[in-house]
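Input: a single structure, listed below in structure tokens.
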Amino acid sequence: ERCAPGARREEEAAGPGSPPAPAGSPAAPEEIAGEEEEQDRVPPQKLQLLGESAELRELLRNPHLRQLLLALEQARDKSSLLRRLMQEPLFLEFADCCLGIVEPPEEKENVLPV
């Protein structure tokens, strides 16, 4: 998985038991995965803001949150654990804090005017 970062996503996008789409076919899994990856990337400048956030640093002092993050890092099935962690108020607070830093509300696309 670590040697071919896109390989697993391509297999998952195709679904279980589906043969891989030919590379030249329209909407091949690698094309879709590439577009999604690009949208989900955070520029290095914004990542640096995470390190400068006093609020985030304070949250990371919580030993329970640190244990949750360590479990996520070490999990084999990260997506399943992440779904469960999104039910944890402490983890949600952490995720909201991170998102608020890298994508402040005024930068979000689908924000309704007040």
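Tabulated data
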{"item": "Value of Rg to Rh for the stretch 43-102 (Rh from inverse mean 1/r over Cα pairs, i.e. Kirkwood)", "result": "0.98"}
{"item": "Vicinal HN-Hα couplings computed from phi for the stretch 47-60 (Karplus, 6.51 cos²θ - 1.76 cosθ + 1.60; Hz; Gly/Pro x)", "result": "4, 4, 4, 4, x, 8, 7, 5, 5, 5, 4, 5, 4, 6"}
{"item": "Inter-label distance, nm, simple model (7 Å from Cα along the C-beta direction), residue 90/residue 50", "result": "1.9"}
{"item": "Amide proton proximity set for residue 88, modelled H, under 5 Å, gap of 5+", "result": "none"}
{"item": "Accessible area of the stretch 43-102 belonging to carbon and sulfur atoms, whole % at 1.4 Å probe", "result": "58"}
{"item": "Gained length - residue 39 relative to residue 57, 0.36 nm times residue gap less alpha-carbon distance", "result": "3.9 nm"}
{"item": "In Hz, Karplus ³J(HN,Hα) per residue of the stretch 70-83 (6.51, -1.76, 1.60; θ = phi - 60°; x = Gly, Pro)", "result": "5, 4, 5, 4, 8, 5, 6, 9, 4, 5, 5, 5, 4, 4"}
{"item": "Per residue solvent-accessible surface (Å²) - the stretch 43-102, probe of 1.4 Å", "result": "72"}
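The values are calculated or read from the model by the stated rules, or taken from the named source; none is laboratory data. These figures come from a predicted structure and were not determined experimentally. For neighbour counting, all protein chains shown are included, and Cβ atoms are generated from backbone atoms with ideal geometry for every residue, glycine included. Ligands, DNA and RNA are stripped out before the accessible areas are found, and what is left, the full protein with its side chains, is counted by its heavy atoms. Shrake-Rupley method; radii C 1.70, N 1.55, O 1.52, S 1.80 Å.
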